[in-house]
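Heads up: the structure comes next, in structure tokens.
The values are calculated or read from the model by the stated rules, or taken from the named source; none is laboratory data. Since we're looking at a predicted model, the values are computed, not measured. Cβ sites come from the backbone with ideal geometry, for glycine too, and all protein chains shown count toward neighbours. Accessible surface areas use protein heavy atoms only, side chains included; no ligands, DNA or RNA. Shrake-Rupley method; radii C 1.70, N 1.55, O 1.52, S 1.80 Å.
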Amino acid sequence: MGRLKSPGEVTKFRQEILSKRDSNTPCISVCVGTGCLASGASEVLAAFKTEIAKQGLNAEVDTKGTGCPGFCERGPVVVIYPEEICYLQVTPGDVPEIITRTIKEKKVVDRLLYVDPNSGEKVTHESEIPFYKHQKRNVIGNNIKIDSQSIDDYLAVGGYSALVKALTQMTDEQVLAEVKKSNLRGRGGGGFPAGRKWEGSRKAPEKIKYVLVNADEGDPGAFMDRALLEGNPHSVLEGLVIGAYAVGSHQGYVYVRQEYPLAVKNINLAIQQAEEYGFLGENILGTGFDFTVKVHKGAGAFVCGESTALMTALEGRVGEPRPKYIRSNIRGLWNRPTVLNNVETWANVPLIIDKGADWFTRLGTEGSKGTKIFSLVGKITNTGLVEVPMGITLKDIIYKIGGGIPGGKKFKAVQTGGPSGGCIPGELLDLPVDFDELTKAGSMMGSGGMIVMDEDTCMVDVARYFIHFLTDESCGKCLPCREGLRQMDRILTHITEGKGKEGDIAILEELSETAVEASLCALGKTAPNPFLSTIRYFRDEYEAHIKEKRCPALSCKALISYYIDPDKCQACMICLKKCPVEAIDGGKKKIHIINQEKCTRCGTCIEVCPTRFGAVKKISGEPVPSPIPEEERMIDRKVKKNE
Amino acid sequence: MDSDRIDRIIDRHQGEPSSLIQILLDIQGENHWLPREALERVGERLQVPISRIQHIATFYKAFSLVPKGRHEVHICMGTACHVRGARRILDTAQDLTGIKPGETDLEMKFSLETVNCLGCCALGPVMEIDGKTHGKLSPAGTLDVLKSYE
């Protein structure tokens, strides 16, 4: 395949691809994103290939390793086209049955379908599963439809048509105007309008300009950018080339974390394919526009997600931020105008150009248009990636899509915005998801991590966790962040260990104020948020830790004890055998007692104690009841007494 | 690590000083740690002072200046794993191996590291050993997994 030299050649080639494909040929799509791979997806895909060959169906069935469709909870996910039958938690052992029943006999394998937990009904088609039904999958929707390593697949679903349109039917000014009109805001955290950022660079006098993809997705619990880069890398590239055209840039970089090896591999492959086909390189599609892209692997520093730090890292130095007296779209990488947008932002650009700004603004709220991908994780029934229109309420995301909290537990808070975001309590669940509304509630949109917490999660510990994370990731350049966070981490750790004192909260508030006011970059300025939002909504938990030495969520190790209720213990020996430190004393028919000195509070006993006994208890803020006398520990005696 | 291999890596990046991080990443990837001689060779070829290379090698988390054990254990401390009890998994692993995050045991069997999110949140809490993911772990399960490595 040589370079495509004109829009006509692209159209012709696309038709060629489509004409070779029969939409009635069954195609088995297996998600091979990182989440499903961890659940064994590559073995499943290999089993399909072997089984198809074994049954001599090579010519009649296609297989595809696709990107992440988001339903990680039930991985490995398999979708069979054209019927769109969705099988979940597929193992290699299920494969022969799927081939025989579904492919040959055109019947559905019932036991692999999604079962609606409320109605008990089985759901055959992907789009009817409640997890998907309430989503609006404009950006991530193609992930399951295309082989993530095939440019032909991307072309077959209409890929690169936006690029053709931008380069041949629109001037660079029109492209910029369209993106400005769409009011696309940065999906990486800041929410800055992309069009305005582009315009700044475009107008800057310097001739050489750069466009960058920020794929340094460091927020723990957030993986939507990875899913896009792994699953549909061409959509990000297409957006980037369109942006470069609008800005007048001829060199782009993708800054991607080395911790995402599959994303690195797929984006490199995509660049190579796009170069081969003539969507990158010199004289793209015969329009005279030149543009090349290089991949730069990030070496593991959270702060490099910050724009100026990312640019310093790209220059081959230590990723420390600089003050932004001059914005980086005017003076960025190598002091030249640089547009940096997040993966998801770039992936939205082809949609806006293809379908128009008016189409894009139909979804969303006044200030936040379009859709946003969230990674819904933590104490939630359906862990996974969800793409929803802006303005949907948190309640709808957590209950309608996420399926609520597992194990009959009570919802406590949802943490949005990554480490610098905040916790939103139950009473604000009707809040619409929108850049400005979340900020008003003391949290932020951030890159789209959404961590659900239930009654077992201690909010002081959550604040400590995030502040500790940020202390670790602080680059150390400015003092309020480096030293202030360290002190906050120390005080919060003390509180969770039961060593908190009166006045700690006031000191934490003071340190927060200083960090917010005086830190150099966004990391430091927003770092106190986890504390500020939890103290705003959960002050009583802080006070219980400090004054009563009690952890209301029964989570802080130093403040809890495990205790076996002698009335409920059936002396079954399960906890005794499973205890990793041999802290449980007892025997057959002899009621078990935990040796509090030896106990490491790992919680194994409570997990293994059969629920019908429920003998192990967690207690906090009160002394452990003293063990029953030795002579009363034999179970026979107890049975008699009960009679 | 011999200097031929280092030179090949440097040549792949056309010897530009701006590629310093990429070169170090490749060396780390092939050799699992950055020996002193490797850093010196890179500095010599790229005309970059060793102090700057040290600055980078100690700043970024991907680099190790000490050799690694036979099995690299990564325990995910991402938020989703944290709320599902990652701390207990880490405590268990520390107790069994006798080492803390960032350390390698004397027999060079295990190197223990914490990571901030492996992105398999549905499987949390997660531990990754030599690239293989072990999910939905309990402290007891963690012991079983670790004991299965030689």
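Things to note:
- Unique match (being away from chain B (no Cβ under 14 Å) and either at pLDDT 95 or above or more than 19 Å from A:VAL339 (Cβ to Cβ) (or both)) among A:GLU259, A:GLU230, A:GLU282: A:GLU282
- No other residue among B:LYS68, B:LYS132 is more than 7 Å from chain A (Cβ to nearest Cβ), modelled with pLDDT under 90 and surrounded by fewer than 18 Cβ atoms within 10 Å (Cβ to Cβ) apart from B:LYS132.
- Residue check, A:GLY603 open to solvent by 20 Å² or more (accessible area, probe 1.4 Å) and of a type in the set (Gly, Ala, Ser): no
- Scanning the stretch A:185-223 for residues that are within 14 Å of chain B (Cβ to nearest Cβ) and over 25 Å from the mean Cα position of the chain (by Cα) gives a single hit, A:TYR210.
- Criterion (among the charged types (D, E, K, R) and modelled with pLDDT under 95) met by exactly one of A:ASP219, A:ASP290: A:ASP219
- Test for A:LEU88: is it crowded, with 21+ Cβ neighbours inside 10 Å and either within 14 Å of chain B (Cβ to nearest Cβ) or free of Cβ contacts under 8 Å to residues at least 40 places away in the same chain (or both): no
- Residues satisfying the stated conditions in the stretch B:114-129, i.e. within 8 Å of another protein chain (Cβ to nearest Cβ), open to solvent by 10 Å² or more (accessible area, probe 1.4 Å) and under 16 Å from A:PHE469 (Cβ atoms): B:VAL115, B:ASN116, B:CYS117, B:LEU118
- Every listed requirement among (1) surrounded by 16 or more Cβ atoms within 10 Å (Cβ to Cβ); (2) within 11 Å of chain A (Cβ to nearest Cβ); (3) within 30 Å of A:LYS477 (Cβ to Cβ) is met by B:SER111 save one, (2).
- In the stretch A:574-629, residue farthest from B:LEU143 (Cα to Cα) [restricted to those that are among the polar types (S, T, N, Q) and touching a strand residue (DSSP E or B) at 6+ places or on another chain (Cβ under 8 Å)]: A:SER620
- Residues that are surrounded by fewer than 18 Cβ atoms within 10 Å (Cβ to Cβ), out of contact with any Ser or Thr (no Cβ under 9 Å at 6 or more places or on another chain) and on the phi < 0 side of the Ramachandran plot within the stretch A:575-586 comprise A:LYS577, A:ASP585, listed in sequence order.
- Flag for B:THR97 being of a type in the set (Val, Ile, Thr), more than 9 Å from every other protein chain (Cβ to nearest Cβ) and either open to solvent by 30 Å² or more (accessible area, probe 1.4 Å) or under 26 Å from A:GLN89 (Cα atoms) (or both): no
- Hits in the stretch A:334-359 - residues which are open to solvent by less than 30 Å² (accessible area, probe 1.4 Å) and either among the aliphatic types (A, V, I, L, M) or assigned by TED's automatic domain parsing to the domain that holds A:PRO406 (or both): A:VAL339, A:LEU340, A:VAL343, A:ALA347, A:VAL349, A:ILE352, A:ILE353, A:ALA357
- Listed by position, the helices (runs of 4 or more DSSP H) enclosed by the stretch A:446-553 that each have at least 1 residues that are more than 30 Å from A:LYS395 (Cβ to Cβ) and of a type in the set (Val, Ile, Thr) are A:459-473, A:479-496, A:504-518, A:529-547.
- Checked against the criteria, A:THR100 counts as polar (S, T, N, Q) and open to solvent by 40 Å² or more (accessible area, probe 1.4 Å).
- Here A:ASP454 meets each of (1) touching a Cys at 6+ places or on another chain (Cβ under 9 Å); (2) open to solvent by less than 20 Å² (accessible area, probe 1.4 Å); (3) facing chain B (nearest Cβ under 9 Å) with one exception, condition (1).
- Residue identified as free of Cβ contacts under 8 Å to residues at least 24 places away in the same chain and either touching a strand residue (DSSP E or B) at 6+ places or on another chain (Cβ under 8 Å) or part of a helix (DSSP H, G or I) (or both) among B:ARG45, B:ARG41, B:ARG8: B:ARG8
Residue-wise test of (1) open to solvent by less than 40 Å² (accessible area, probe 1.4 Å); (2) in a loop (DSSP other than H, G, I, E, B); (3) not assigned by TED's automatic domain parsing to the domain that holds A:GLY70.
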| site | (1), (2), (3) |
| --- | --- |
| A:ARG111 | no, no, no |
| A:PRO117 | no, yes, no |
| A:GLN135 | yes, yes, yes |
| A:ASN142 | no, no, yes |
| A:ASP152 | no, no, yes |
| A:LEU163 | yes, no, yes |
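- Screening A:GLY252 with (1) under 30 Å from A:LEU520 (Cβ atoms); (2) more than 14 Å from every other protein chain (Cβ to nearest Cβ); (3) part of a helix (DSSP H, G or I); (4) touching a Leu at 6+ places or on another chain (Cβ under 8 Å) gives one miss only, at (3).
- Count - residues of the stretch A:1-24 that are under 35 Å from the mean Cα position of the chain (by Cα), at pLDDT 90 or above and of a type outside the set (Lys, Arg): 3
- Complete set of residues in the stretch A:315-332 that are touching a residue at least 24 places away in the same chain (Cβ under 8 Å), open to solvent by less than 10 Å² (accessible area, probe 1.4 Å) and within 10 Å of chain B (Cβ to nearest Cβ): A:GLY319
- Taking the criterion of being part of a helix (DSSP H, G or I) and of a type in the set (Asp, Glu), the residues of the stretch B:11-38 that qualify are B:ASP11, B:ASP26, B:GLU30, B:GLU37.
- Any hit, the stretch A:205-217, residues being free of Cβ contacts under 8 Å to residues at least 60 places away in the same chain and surrounded by fewer than 24 Cβ atoms within 10 Å (Cβ to Cβ): yes
- Looking at A:ALA522, A:ALA463, A:ALA527, A:ALA518, just one residue is touching a residue at least 60 places away in the same chain (Cβ under 8 Å) and open to solvent by 40 Å² or more (accessible area, probe 1.4 Å), and that residue is A:ALA522.
Okay, residues lined up against (1) under 37 Å from the mean Cα position of the chain (by Cα); (2) assigned by TED's automatic domain parsing to the domain that holds A:THR600:
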{"site": "A:GLU543", "(1), (2)": "yes, no"}
{"site": "A:PRO552", "(1), (2)": "yes, no"}
{"site": "A:ASP565", "(1), (2)": "no, yes"}
{"site": "A:LYS568", "(1), (2)": "no, yes"}
{"site": "A:LEU576", "(1), (2)": "no, yes"}
{"site": "A:PRO580", "(1), (2)": "yes, yes"}
{"site": "A:ALA583", "(1), (2)": "no, yes"}
{"site": "A:GLY586", "(1), (2)": "no, yes"}
